[in-house]
Amino acid sequence: MFLVTGATGNVGAELVRGLAEAGEPVRAMSRAGRTDGLPPGVQAVAGDLNRAETVRDALDGVRAMFLMPGYGAQREILADARDAGVERVVMLSGRSAGTGDTGNAVAGYMIEAETSVRESGLAWTFVRPTSFMSNALQLADQIRAGDTVRVPFPDAPTADIDPHDIARTALHALRSAEFAGRVLEVSGPEALLPADRVRILGKVLGRELRTVGLTNEEARAELEARMPVPYVDAFFSFFVDGTLDESEVLPTVEEVTGRAPRTFEEWARAHAAEF
């Protein structure tokens, strides 16, 4: 049995689907224990990663688990997993964990999450992706409203990755001990500026979209309206101060899965209806 936490998220849903297609028994955990959208035969369970007691029963008979980072009960859940006979854990982390900067709000919670897994006594694999292609969905309201798209950090190229490819990488790590003790840094196949992604979205949608880059002041105001200031500071550190380079194209997805990662245009065509 494989336990997938965050089973309704961008990566988790893809991973549940991939495991089910491979004929593996899957237990899909979300806070609500949702069954809608799950492949046939997948067992839905409710669980809150901030409350270990809600996860404990779901560990019964689990061979390997996919774990989301940064939740309050992580160390207790890992101890319960070890006691339940779970063999290994694959955790979704992020490339910022490689900076070692515990003072950065984003990197800090990733580093702490990885540390707790390393200290758990379980075999582990970390999957550290670049930014998600699905972040482009944050532009959907603007694109529906008109042809001008305002973007933060216009000069920061990133090799964004399709969550589908993160999930395919995690699937291999869950099913095989070959990747135990490894950090798998993954990226998409090309580094693009925000304007490049807007141009590609316009091509897919059959529209002439125009990109306007926000100033740092404008970007900070917009980001602070929807997330805590320490996280805004973290993104400014990454994309303005240059403490994290997400432009590097990495070969890991193809090396692990045997298939090249999807391009942004392929992702956009698959999600065009959402714009």
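If I go through region 39-59 residue by residue, how many of them are closer than 21 Å to Glu14 by Cβ, of a type outside the set (Val, Ile, Thr) and crowded, with 16+ Cβ neighbours inside 10 Å? Walk me through how you get there before you give the answer.
Going through region 39-59, the residues closer than 21 Å to Glu14 by Cβ turn out to be 39-47, 49, 58.
Right, trim to of a type outside the set (Val, Ile, Thr) and you get 39-41, 43-44, 46-47, 49, 58.
Going one step further and asking which of them are crowded, with 16+ Cβ neighbours inside 10 Å, we end up with 44, 47, 49, 58.
Counting residues in region 39-59 that are closer than 21 Å to Glu14 by Cβ, of a type outside the set (Val, Ile, Thr) and crowded, with 16+ Cβ neighbours inside 10 Å gives 4.
Go through the residues of region 105-119 one by one and say whether even a single one is buried (at least 18 other Cβ atoms within 10 Å of the Cβ) and free of Cβ contacts under 8 Å to residues at least 12 places away in the same chain.
Yes, region 105-119 contains at least one residue that is buried (at least 18 other Cβ atoms within 10 Å of the Cβ) and free of Cβ contacts under 8 Å to residues at least 12 places away in the same chain.
Quick check on Ala107: is it among the small types (Gly, Ala, Ser), under 20 Å from the mean Cα position of the chain (by Cα) and not in a helix (DSSP H, G or I)? Steps first, answer last, please.
On the way: among the small types (Gly, Ala, Ser): yes; under 20 Å from the mean Cα position of the chain (by Cα): yes; not in a helix (DSSP H, G or I): no.
Answer is no for this residue.
Of all residues in region 53-85, which are in a helix (DSSP H, G or I), within 15 Å of Val4 (Cα to Cα) and in contact (Cβ under 8 Å) with a residue 24 or more places away in the chain?
Restricting attention to region 53-85, the residues satisfying the condition of being in a helix (DSSP H, G or I) are 53-54, 56-59, 74-83.
Then drop every residue that is not within 15 Å of Val4 (Cα to Cα), which leaves 54, 56-59, 74, 77-78, 81.
Those that are in a helix (DSSP H, G or I), within 15 Å of Val4 (Cα to Cα) and in contact (Cβ under 8 Å) with a residue 24 or more places away in the chain: Arg56, Ala58, Leu59, Gln74, Ile77, Leu78, Ala81.
Pick from region 74-84 the residues that are touching a helix residue (DSSP H, G or I) at 6+ places or on another chain (Cβ under 8 Å) and surrounded by fewer than 18 Cβ atoms within 10 Å (Cβ to Cβ): which of them is nearest to Arg17 (Cα to Cα)? Steps first, please.
Here is the first cut: in region 74-84, the ones touching a helix residue (DSSP H, G or I) at 6+ places or on another chain (Cβ under 8 Å) are 74-78, 80-81, 84.
Subset that is surrounded by fewer than 18 Cβ atoms within 10 Å (Cβ to Cβ): 75-76, 84.
Values: Arg75: 27, Glu76: 28, Ala84: 25 Å.
So, considering only residues that are touching a helix residue (DSSP H, G or I) at 6+ places or on another chain (Cβ under 8 Å) and surrounded by fewer than 18 Cβ atoms within 10 Å (Cβ to Cβ), the one nearest to Arg17 (Cα to Cα) is Ala84.
Counting just the residues of region 110-128 that are farther than 14 Å from Gly181 by Cβ and β-branched (Val, Ile, Thr), which one comes out farthest from the chain's Cα centre (by Cα)?
That would be Thr115.
Going residue by residue through region 167-180, is there one that turns out to be closer than 30 Å to Ala64 by Cβ and part of a loop (DSSP other than H, G, I, E, B)?
Going residue by residue through region 167-180, those that are closer than 30 Å to Ala64 by Cβ are 167-180.
Applying the additional criterion that residues be part of a loop (DSSP other than H, G, I, E, B) yields 176, 180.
Yes, the conditions are met somewhere in region 167-180.
Tell me, which strands (runs of 3 or more DSSP E) wholly within region 1-46 include 3 or more residues that are out of contact with any Phe, Trp or Tyr (no Cβ under 6 Å at 6 or more places or on another chain) and closer than 18 Å to Leu59 by Cα?
Values: elements: 2-4, 26-30, 43-46.
Ranges flagged: 26-30, 43-46.
Criterion first (surrounded by fewer than 18 Cβ atoms within 10 Å (Cβ to Cβ) and either outside any helix (DSSP H, G or I) or out of contact with any strand residue (DSSP E or B) (no Cβ under 9 Å at 6 or more places or on another chain) (or both)) does Glu254 satisfy it? Walk me through it before giving the result.
On the way: surrounded by fewer than 18 Cβ atoms within 10 Å (Cβ to Cβ): yes; either outside any helix (DSSP H, G or I) or out of contact with any strand residue (DSSP E or B) (no Cβ under 9 Å at 6 or more places or on another chain) (or both): yes.
Yes, satisfied.
Quick check, is Ile143 among the hydrophobic types (A, V, I, L, M, F, W, C), crowded, with 18+ Cβ neighbours inside 10 Å, closer than 24 Å to Glu265 by Cβ and over 18 Å from the mean Cα position of the chain (by Cα)? Break it down into steps so the answer makes sense when it comes.
On the way: among the hydrophobic types (A, V, I, L, M, F, W, C): yes; crowded, with 18+ Cβ neighbours inside 10 Å: yes; closer than 24 Å to Glu265 by Cβ: yes; over 18 Å from the mean Cα position of the chain (by Cα): yes.
For Ile143, the condition - among the hydrophobic types (A, V, I, L, M, F, W, C), crowded, with 18+ Cβ neighbours inside 10 Å, closer than 24 Å to Glu265 by Cβ and over 18 Å from the mean Cα position of the chain (by Cα) - is met.
Looking at Ala167, is it among the hydrophobic types (A, V, I, L, M, F, W, C) and buried (at least 19 other Cβ atoms within 10 Å of the Cβ)?
Values: among the hydrophobic types (A, V, I, L, M, F, W, C): yes; buried (at least 19 other Cβ atoms within 10 Å of the Cβ): yes.
Judged against the criteria, Ala167 is a match.
Across region 87-100, which residue is nearest to the chain's Cα centre (by Cα) among those that are surrounded by fewer than 19 Cβ atoms within 10 Å (Cβ to Cβ) and part of a loop (DSSP other than H, G, I, E, B)?
Top of the filtered list is Gly100.
This table checks each residue for (1) at pLDDT below 95; (2) farther than 21 Å from Pro129 by Cβ.
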{"residue": "Phe2", "(1), (2)": "no, no"}
{"residue": "Thr5", "(1), (2)": "no, no"}
{"residue": "Gly9", "(1), (2)": "yes, no"}
{"residue": "Glu14", "(1), (2)": "no, no"}
{"residue": "Arg17", "(1), (2)": "no, no"}
{"residue": "Asp36", "(1), (2)": "yes, yes"}
{"residue": "Pro40", "(1), (2)": "yes, yes"}
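The values are calculated or read from the model by the stated rules, or taken from the named source; none is laboratory data. Predicted model only: the values in this text are computed from it and were never measured. Glycine gets a Cβ as well: all are built from the backbone with ideal geometry, and neighbour counts include every protein chain shown.
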